[in-house]
Amino acid sequence: MKAQRVSAVARTGVLVVIVVGAGLLFAAPLWWTFVWSTWHTAEIFSFPPKLIPGPDFGDNYAALQGSVGISRAFLNSVLVTGATLTGALVFCTLAGYAFAKFDFAGRSLLFGLVMATMVVPGQITVVPLFVTMVKLGWIDSYQGLILPGLVPALGVFFMRMSAQQSIPSELLEAARIDGAGELRIFSSIVVPALRPSMAALSILLFAGTWGALFWPVVVLRSTEMFTIPVALASLFGTATQPYDQLMVGSLLSIIPPLAIFFLLQKYFVKSIMLTGFK
Amino acid sequence: MTTTMSEVRAASRRPGGSGRVGRPGRRRRPLRVRLVPYVFLSPFFVLFALFFVYPVIYSIILSFQRWSANSVEWVGLDNYRFVVDQPAVRRAFVNLVWYGVVNNVVQISVALALAVLLDQQVLRRVAGALRVVYFLPNVVSGVTTALLFGIILGAGGVADHLLSSVDLHVSWLQSTQWARPAVVAAGAWRWIGYWVVILTAGLQAIPREYYEAAAVDGAGWWKRVRHVSLPSLRPILLFVIVVNTIGTMQIFEEPFLLFETPGGPLSAATTPVLEMYRLGFENFDLGGAAAIGWLLAIVIVVLTLGQMVLARRREWIE
């Protein structure tokens, strides 16, 4: 009996070592992003590795501001992400609600089209979009950067499913009988009912937009237009590869998604399950 | 309000009346009302047609054309022949298979192990906090992940020093041999916690009685995992593998930014999306880039459909 209890304690000990050790492995690079942003490149590559913050954050930030204008890049990222999320949420919610709660000619055809495109990888649109943007003169512009991101097929699929599940048709009928207009019904019944789904969808879209590199690096040209990922990629491409500056930029790029994660944590699992429909 | 609600209920009991607008058998509504769904759909579909459907169709056309300074020429399958003959493109598609297998094996097995361990009763107080820690790397962008692992795995970086201290010398980012494992390491850090969260949701859906019944039958810890947890997780495991495989097909940032040259030494770690970028936007061969895009799209569509069929067949067998 005693031997059994000892072995149970030993087993729990091993278990704790494994799961906590894994936690340290996952957390260490995040901590280092912060620590490395406060040292110069020479110290970043010193051994034993730096584990506590140093004195050089101000220096590194100033250098980064001088080389790529990081404050402007941060604002660009906020602007582009904000516009993309707002637009995509409005368009996907309107379309998803229409698919879920109205019968109309062409409904299955249009929805089938949206579904079919979900299998096609978005990257194949990049070359033709680039040609289109050149023709429109929208290279290196906010509209060229933002517009293609406003129509995620996944968003329509998800909002349609959510509307089917969480909006009783009887409620809509009752509102219509009471004389409410369609826009009024949308804003005072549909939007409130779909708010948790909108939160989940915006978390998913946020991650994809905030960190996006491929399309932005293709469509942007001038430093003043760069988002954070493009600014960092362009700085990395220079001969010196200033890791101290790159870590300051990385730290700045981590803070907003981290804040959103802690504020909206309860919606995260829902948004993660949503990726399955991609 | 009460009368209107009961009228509505009566209406919805009528045959064919589901409460939706415009069902056959109901009084035809005025045009203004029938236009409502189209008005709601139009903002999405106008942009969707312009910025998704049209580019997809246009990319097929582009892949059969050659663009030069002042002319556009139809060249049939030349672009496809050209890209298939490029060593870097071939390497990219070989790597795709390699990444697909290794990413799944590494990420899913570790995530499954961690999810099962965290599901143990003794850890219930700390499991939530640990899961948050595992998940945190996922909020980091691909660019930042690549830069971080450039330092960690780079010459003179932490991994180098630690391995040197036990006399192992691995130049992760400078050798053709270790370039792909470096990409896998970066991806594993960013994604394992994400899979842990999904698998945990699956584990928590398993009724506790199953475990109790197994324990009554004398099943030890491993037998309970093997015969209760794993079989119940099978559908969600398949889902995770599908999502992970399709994500792996689109790797770009890590091989682009992890190494001194994009794609790593001799393009050892390159991927189709990266080669598409290089061909299209560094060499301005738009037709060739479109061709790579379609080769990749075919792989992804076939894989997606194949996995769906496989999932269905397994259901039939059991």
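The values are calculated or read from the model by the stated rules, or taken from the named source; none is laboratory data. These numbers come from a predicted model, not from an experiment. Here the Cβ positions follow ideal geometry from the backbone for every residue, glycine too, while neighbour counts run over all protein chains shown.
Couple of notes before you dig in:
- Within the range A:235-264, being within 14 Å of the chain's Cα centre (by Cα) and more than 7 Å from chain B (Cβ to nearest Cβ) holds for A:Ile255, A:Pro256, A:Ala259, A:Ile260, A:Leu264.
- From A:Gly96, A:Gly112, A:Gly82, A:Gly66, residue being part of a helix (DSSP H, G or I) and either in contact with a Lys or Arg (Cβ under 9 Å, 6 or more places away or on another chain) or of a type in the set (Lys, Arg) (or both): A:Gly96
- Only one of the numbered conditions (1) facing chain A (nearest Cβ under 10 Å); (2) touching a strand residue (DSSP E or B) at 6+ places or on another chain (Cβ under 9 Å) is not met by B:Phe45, and that is (2).
- Looking across B:Ala188, B:Ala201, one residue alone is among the small types (Gly, Ala, Ser), out of contact with any Phe, Trp or Tyr (no Cβ under 9 Å at 6 or more places or on another chain), touching a residue at least 40 places away in the same chain (Cβ under 8 Å) and in a helix (DSSP H, G or I). It is B:Ala188.
Matching residues to (1) more than 10 Å from chain B (Cβ to nearest Cβ); (2) surrounded by 14 or more Cβ atoms within 10 Å (Cβ to Cβ); (3) over 16 Å from B:Val36 (Cα atoms); (4) in contact (Cβ under 8 Å) with a residue 24 or more places away in the chain:
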{"site": "A:Asp140", "(1), (2), (3), (4)": "yes, yes, yes, yes"}
{"site": "A:Ala153", "(1), (2), (3), (4)": "no, yes, yes, yes"}
{"site": "A:Ser162", "(1), (2), (3), (4)": "yes, yes, yes, yes"}
{"site": "A:Ser169", "(1), (2), (3), (4)": "no, yes, no, yes"}
{"site": "A:Arg176", "(1), (2), (3), (4)": "no, yes, no, no"}
{"site": "A:Glu182", "(1), (2), (3), (4)": "no, yes, no, no"}
{"site": "A:Ser187", "(1), (2), (3), (4)": "yes, no, no, no"}
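- Scanning the range B:253-262 for residues that are surrounded by 21 or more Cβ atoms within 10 Å (Cβ to Cβ) and either part of a helix (DSSP H, G or I) or facing chain A (nearest Cβ under 8 Å) (or both) turns up B:Glu253, B:Glu254, B:Pro255, B:Phe256, B:Leu257.
- Failed condition for A:Ala73, given (1) under 30 Å from B:Asp285 (Cα atoms); (2) touching a Pro at 6+ places or on another chain (Cβ under 6 Å): (2)
- Verdict on A:Ser197 being buried (at least 20 other Cβ atoms within 10 Å of the Cβ), over 30 Å from B:Phe284 (Cβ atoms) and polar (S, T, N, Q): yes
- Considering only residues in the range A:88-114 that are farther than 13 Å from B:Phe45 by Cα, of a type outside the set (Ser, Thr, Tyr) and in contact (Cβ under 8 Å) with a residue 24 or more places away in the chain, the one that is nearest to the other protein chains (Cβ to nearest Cβ) turns out to be A:Lys101.
- Checked against (1) within 28 Å of B:Arg190 (Cα to Cα); (2) more than 22 Å from the chain's Cα centre (by Cα); (3) buried (at least 21 other Cβ atoms within 10 Å of the Cβ), B:Gly287 passes all but condition (1).
- Per-region count, the range B:113-142, residues within 13 Å of B:Val196 (Cα to Cα) and under 17 Å from the mean Cα position of the chain (by Cα): 3
- Flag for A:Leu75 being assigned by TED's automatic domain parsing to the domain that holds A:Ala153, more than 30 Å from B:Val56 (Cα to Cα), in contact with a Gly (Cβ under 7 Å, 6 or more places away or on another chain) and part of a helix (DSSP H, G or I): no
- Residues in the range A:33-58 that are within 10 Å of chain B (Cβ to nearest Cβ) and in contact with a Gly (Cβ under 6 Å, 6 or more places away or on another chain): A:Phe45 only.
- Considered as a group, the residues in the range B:263-291 that are aromatic (Phe, Trp, Tyr) and assigned to a helix (DSSP H, G or I) include one that is farthest from B:Asn103 (Cα to Cα), and that residue is B:Phe281.
Let's see how each residue does on (1) under 30 Å from A:Ser222 (Cβ atoms); (2) modelled with pLDDT of 95 or more:
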{"position": "A:Tyr142", "(1), (2)": "yes, yes"}
{"position": "A:Gly149", "(1), (2)": "yes, no"}
{"position": "A:Met161", "(1), (2)": "no, no"}
{"position": "A:Ser166", "(1), (2)": "no, no"}
{"position": "A:Leu171", "(1), (2)": "no, no"}
{"position": "A:Ala174", "(1), (2)": "no, no"}
{"position": "A:Ile177", "(1), (2)": "no, no"}
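- The set of residues in the range A:40-94 being touching a Leu at 6+ places or on another chain (Cβ under 7 Å), polar (S, T, N, Q) and surrounded by fewer than 22 Cβ atoms within 10 Å (Cβ to Cβ) consists of A:Ser67 alone.
- Considering the conditions (1) touching a residue at least 24 places away in the same chain (Cβ under 8 Å); (2) more than 30 Å from B:Arg125 (Cβ to Cβ); (3) of a type in the set (A, V, I, L, M); (4) within 12 Å of another protein chain (Cβ to nearest Cβ), A:Leu30 is excluded by exactly one of them, (2).
- Residue check for A:Val191: within 30 Å of A:Thr132 (Cβ to Cβ), in contact (Cβ under 8 Å) with a residue 12 or more places away in the chain and β-branched (Val, Ile, Thr): no
- B:Pro235 meets all of the listed conditions (1) under 13 Å from B:Leu96 (Cα atoms); (2) part of a helix (DSSP H, G or I) but one, namely (1).
- Qualifying residue in the range B:62-73 (condition: in a helix (DSSP H, G or I) and within 8 Å of chain A (Cβ to nearest Cβ)): yes
- Candidates in the range A:239-278 are the residues that are of a type in the set (Ser, Thr, Tyr) and in contact (Cβ under 8 Å) with a residue 40 or more places away in the chain; of these, the one that is nearest to A:Thr209 (Cα to Cα) is A:Ser253.
- Yes/no for A:Thr238 being surrounded by 21 or more Cβ atoms within 10 Å (Cβ to Cβ), under 30 Å from A:Phe130 (Cα atoms) and among the hydroxyl-bearing types (Ser, Thr, Tyr): no
- Flag not set for B:Val105, criterion: within 10 Å of another protein chain (Cβ to nearest Cβ) and either part of a helix (DSSP H, G or I) or modelled with pLDDT under 95 (or both).
- Those residues of the range B:88-103 which are surrounded by fewer than 19 Cβ atoms within 10 Å (Cβ to Cβ) and among the β-branched types (Val, Ile, Thr), in sequence order: B:Val94, B:Val97, B:Val101, B:Val102
- Apart from one condition, B:Thr144 fits all of (1) crowded, with 22+ Cβ neighbours inside 10 Å; (2) over 23 Å from B:Arg224 (Cα atoms); (3) in contact (Cβ under 8 Å) with a residue 24 or more places away in the chain; the exception is (3).
- Matching residues in the range B:147-173 - criterion: being within 7 Å of chain A (Cβ to nearest Cβ) and either more than 32 Å from the chain's Cα centre (by Cα) or in a helix (DSSP H, G or I) (or both): B:Leu147, B:Leu148, B:Ile151, B:Ile152, B:Gly156, B:Val158, B:His161
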